[in-house]
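Report on the structure given below.
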Amino acid sequence: MNIYEFFGKEYLEELDFNDMESMIENRVSESLYLDYKREMWGTLESSNKEITKDVTSFANAYGGFILIGIEEDNDGNPKKIIGVEEVDKNILRIRQVCQANIQPLISGMKIHPVRINEKKSIIIIYIPDSFDKPHMVLQDYRCYIRYERGKNPMTIHQIEDAIKGREKNSEKIREFLSKRNKELQKLVKNNSAINFSIVPNFLEKERFDIFSSKTEKAVDFFIRKNLIKSRFIPTFDGFIASDGSNETEYRQLLIQSTGYIEYFIYIPFRDKLNAEWFDNEMMKFIEIASDFYSELDLYFKGWFNVEFFNMINFTLKLDEKNSREKSKLIVNKDGYFTLPNIGFEQFNEQISNIQRKTNDFLWRKFGITRAHIN
C-alpha cells in the first residue's frame, strides 16, 4: 500500500490536519494497512521492541501507516484527535530504534508530523511494502507480519515464502536485464554507449494501456521536453523512438507497458566521460520519466540502473575547479560495467536521492571520493 493509493496524494508531506479530521468523519477504521495509536509507545526497552514489531509487521505484509495521536474505539474506528507532544524527540527516537533493531533496514520508510497546535502533532509513519522482506526484530530475532488489526510472528513457511519471492523476482529482473544488455551490445558494436533504465519490481504486470489517449499524451513528455525528437512507433508491448543522423548522435528511447523505460545514448567522445554531461543527461531522463509516470498515475517501486558499454581506458572529466583531482583509468577487458542498482519507492519522490547515489557510485568507480568534488 503506497501513499497515493491510500490518501490520494503523492507525498506524505502533503497530508494535513484536514486529512486527519476527514479520516474521523469517514470512520476510516484500522485494517491490514492502518493502525491508530492514542499515544507514543512507552520509554522502556520492551516498548522499543514494540515499535520494531509494529513497523516490521507492515513491511513484511503489504505496507501501511501507523498514526500516533488518534484515539480509536473498540472496533478500530477513529473517534478523537489527541496528538502527541515533543514531536521532534519522538520522531528521532522512532528512527533510532528502527535503525538499531531491524535487519535488514526498511528502505523508503517515512515519518511525517501533522501539526495540531503549537504543542501537539499527529505522527504518521509510512512503511512501504518492502523489497527486502522478511525483516527481523533484533531484540528477539523474530519476524512479524500484519494481519487485520494486529500482528503475529511469521511462521517458518511465511518466512520461506518471503525469501523465495524476493529471490525469484530478483532473478527474473536479472535475467531480463542480462538479455536486454546482450541486445544492446549488438547495437553498440565498437562504439561507446550508456544506457539508463528504470525497472519496475514486477516486470510481468502491465501498468498502462499503450493505445489510450492518456498514454499518448504522457509519451509526448519525452518529445516536448527534448529528450527525444522523433515520433514514437508503437510495438506489441509499448513504444520505441530513435534520433540521430549518424552513429555518434544516436539516441533511443524504449517504453514498455510494464513501466520499464530505457534511454540509450552513444557517447560522442572517445576518451573522457564528462561528469557534467552525464549528470545532465541522467537528470533530464529521470525528471521526464517522473512526469510520464505521474501523468499515468503510476506509483510503483523498482530500480534505477546505469550500464556502460566499451568503456576501456575511459577517464572521468571533471570541471575546472576540480581539475586538480585526477581520476583513475578504468581497465576492463570487455569495456562493460554497470553501477549498482538503486531501489526506489514512488519514483517521483526520490529523484534527488537517485541522482546523488548514482553520482557517488560513478565517482567511486573512477577512484574519486565524493569529498573531493564537494
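The values are calculated or read from the model by the stated rules, or taken from the named source; none is laboratory data. The shown structure was predicted, so the numbers you read here are calculated from the model rather than taken from an experiment. Here the Cβ positions follow ideal geometry from the backbone for every residue, glycine too, while neighbour counts run over all protein chains shown.
Can you find a residue in segment 278-287 that is farther than 15 Å from Ala193 by Cα, among the β-branched types (Val, Ile, Thr), touching a residue at least 40 places away in the same chain (Cβ under 8 Å) and not assigned by TED's automatic domain parsing to the domain that holds Ile106? Within segment 278-287, one or more residues are farther than 15 Å from Ala193 by Cα, among the β-branched types (Val, Ile, Thr), touching a residue at least 40 places away in the same chain (Cβ under 8 Å) and not assigned by TED's automatic domain parsing to the domain that holds Ile106. Only one entry of Ser197, Ser192, Ser121, Ser107 meets the criterion of being among the polar types (S, T, N, Q) and surrounded by fewer than 18 Cβ atoms within 10 Å (Cβ to Cβ), and that entry is Ser107.
Checked against (1) assigned to a helix (DSSP H, G or I); (2) surrounded by 18 or more Cβ atoms within 10 Å (Cβ to Cβ), Pro134 meets all criteria but (1). Just one of the listed residues (Lys9, Lys37) is assigned by TED's automatic domain parsing to the domain that holds Glu148 and over 21 Å from Gly83 (Cα atoms), namely Lys9.
Checking each residue in segment 7-26 for being in contact (Cβ under 8 Å) with a residue 24 or more places away in the chain, within 17 Å of Gly64 (Cβ to Cβ) and crowded, with 16+ Cβ neighbours inside 10 Å picks out Leu12, Leu15, Met20, Met23.
Taken over segment 164-186, the residue count meeting the criterion of being surrounded by 15 or more Cβ atoms within 10 Å (Cβ to Cβ) and not basic (Lys, Arg) is 7.
Of all residues in segment 60-87, those satisfying the criterion of being free of Cβ contacts under 8 Å to residues at least 24 places away in the same chain and either among the acidic types (Asp, Glu) or in a helix (DSSP H, G or I) (or both) are Asp73, Glu86. Would you check if there is a residue in segment 68-88 being of a type outside the set (Asp, Glu), within 24 Å of the chain's Cα centre (by Cα) and crowded, with 17+ Cβ neighbours inside 10 Å? Checking segment 68-88: not a single residue is of a type outside the set (Asp, Glu), within 24 Å of the chain's Cα centre (by Cα) and crowded, with 17+ Cβ neighbours inside 10 Å. Out of segment 193-218, which residues are closer than 22 Å to Ile354 by Cα and more than 21 Å from the chain's Cα centre (by Cα)? Listed by number, the residues that qualify are Ala193, Ile194. Residues in segment 181-198: is at least one closer than 17 Å to Phe292 by Cβ, touching a Gly at 6+ places or on another chain (Cβ under 9 Å) and not hydroxyl-bearing (Ser, Thr, Tyr)? Among the residues of segment 181-198, at least one is closer than 17 Å to Phe292 by Cβ, touching a Gly at 6+ places or on another chain (Cβ under 9 Å) and not hydroxyl-bearing (Ser, Thr, Tyr), which makes the answer yes. In this structure, Gly42 does not qualify as of a type in the set (Gly, Ala, Ser), closer than 29 Å to Tyr299 by Cβ and in a loop (DSSP other than H, G, I, E, B).
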